[in-house]
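Data first, discussion second: the structure below is written as structure tokens.
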Amino acid sequence: MTFNIPSWPVLVLEDDEGRINWFRQRLHNVKFAKTSATALELLSTHSFRVPFLDHDLHWMDAGFPDRQHGNGKEVARYMASHQFAGLTVIHSKSDQAEVMAKILPTAKICPFGEFEIIECTD
């Protein structure tokens, strides 16, 4: 799958430096959050058109999938409560991506490595 994204403001919730660099090479109007707290702060102070969301942001997220805070589910709940209307891509490879999609039913699940991003003109 290819996402054609104009130079819209993009948020990437991701804690892996390799993935962050991958996004950085493809997007110029992007802010990164490695934690849910940083993502919530950015979402409350900026207007993003496209968020890319990971779920597992801490080793406990993989070991304890029912955790509700400190991960992508917390960010998804915030976005749902604020009725986020832009394109949301859940790029997590975690089983919890499905749970996040239930919270944000308009989001697209597309695991990292299974899509490309092309930054295009508006």
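The values are calculated or read from the model by the stated rules, or taken from the named source; none is laboratory data. Predicted, not measured: the structure shown is a model, and the values here were computed from it. In this analysis, Cβ positions are derived from the backbone assuming ideal geometry, glycine residues included, and neighbour counts consider all displayed protein chains.
Would a scan of the range 99-115 turn up a residue that is under 16 Å from Phe3 (Cβ atoms), β-branched (Val, Ile, Thr) and touching a helix residue (DSSP H, G or I) at 6+ places or on another chain (Cβ under 8 Å)?
Yes, some residue in the range 99-115 is under 16 Å from Phe3 (Cβ atoms), β-branched (Val, Ile, Thr) and touching a helix residue (DSSP H, G or I) at 6+ places or on another chain (Cβ under 8 Å).
In this structure, is Leu57 modelled with pLDDT under 95 and touching a Gly at 6+ places or on another chain (Cβ under 8 Å)? Explain how you work it out, then say what you get.
Numbers: modelled with pLDDT under 95: yes; touching a Gly at 6+ places or on another chain (Cβ under 8 Å): yes.
In short, yes.
Those residues that are assigned to a helix (DSSP H, G or I) and surrounded by 14 or more Cβ atoms within 10 Å (Cβ to Cβ), I need them from the range 82-122; list them, please.
Initial filter on the range 82-122 (assigned to a helix (DSSP H, G or I)): 96-103.
Listed by number, the residues that qualify are Gln96, Ala97, Val99, Met100, Ala101, Ile103.
Just to be sure I understand, how many residues within the range 1-24 are at pLDDT 95 or above and in a strand (DSSP E or B)?
4
Where residues in the range 9-36 are over 15 Å from Cys110 (Cβ atoms) and touching a Gly at 6+ places or on another chain (Cβ under 8 Å), which of them is surrounded by the most Cβ atoms within 10 Å (Cβ to Cβ)?
Within the range 9-36, the match that is surrounded by the most Cβ atoms within 10 Å (Cβ to Cβ) is Ser36.
Out of everything in the range 79-96 that is at pLDDT 90 or above and under 16 Å from Phe3 (Cβ atoms), what residue ends up being farthest from the chain's Cα centre (by Cα)?
Ranking the candidates gives Leu87 first.
Which one is surrounded by the fewest Cβ atoms within 10 Å (Cβ to Cβ) among residues in the range 60-78 that are among the small types (Gly, Ala, Ser) and at pLDDT below 90?
Residues of the range 60-78 among the small types (Gly, Ala, Ser): 62-63, 70, 72, 76.
Those still in the list that are at pLDDT below 90 too: 62-63, 70.
Details: Ala62: 14, Gly63: 9, Gly70: 15.
Step by step, filter the range 60-78, then rank; the result is Gly63.
Could you check the range 23-43 and list, in sequence order, the residues that are farther than 15 Å from His58 by Cβ and without any contact (Cβ under 8 Å) to a residue 12 or more places away in the chain?
Once the filter is applied, which keeps residues that are farther than 15 Å from His58 by Cβ and without any contact (Cβ under 8 Å) to a residue 12 or more places away in the chain, the range 23-43 yields Arg24, Gln25, Glu41.
Determine whether the range 25-44 contains at least one residue that is part of a strand (DSSP E or B), of a type in the set (Gly, Ala, Ser) and modelled with pLDDT of 95 or more. Step through it out loud before you land on a result.
At the first step, the residues of the range 25-44 found to be part of a strand (DSSP E or B) are 30-33.
Then drop every residue that is not of a type in the set (Gly, Ala, Ser), which leaves 33.
Next, only the ones that are modelled with pLDDT of 95 or more stay: 33.
So far as the range 25-44 goes, yes, one or more of its residues are part of a strand (DSSP E or B), of a type in the set (Gly, Ala, Ser) and modelled with pLDDT of 95 or more.
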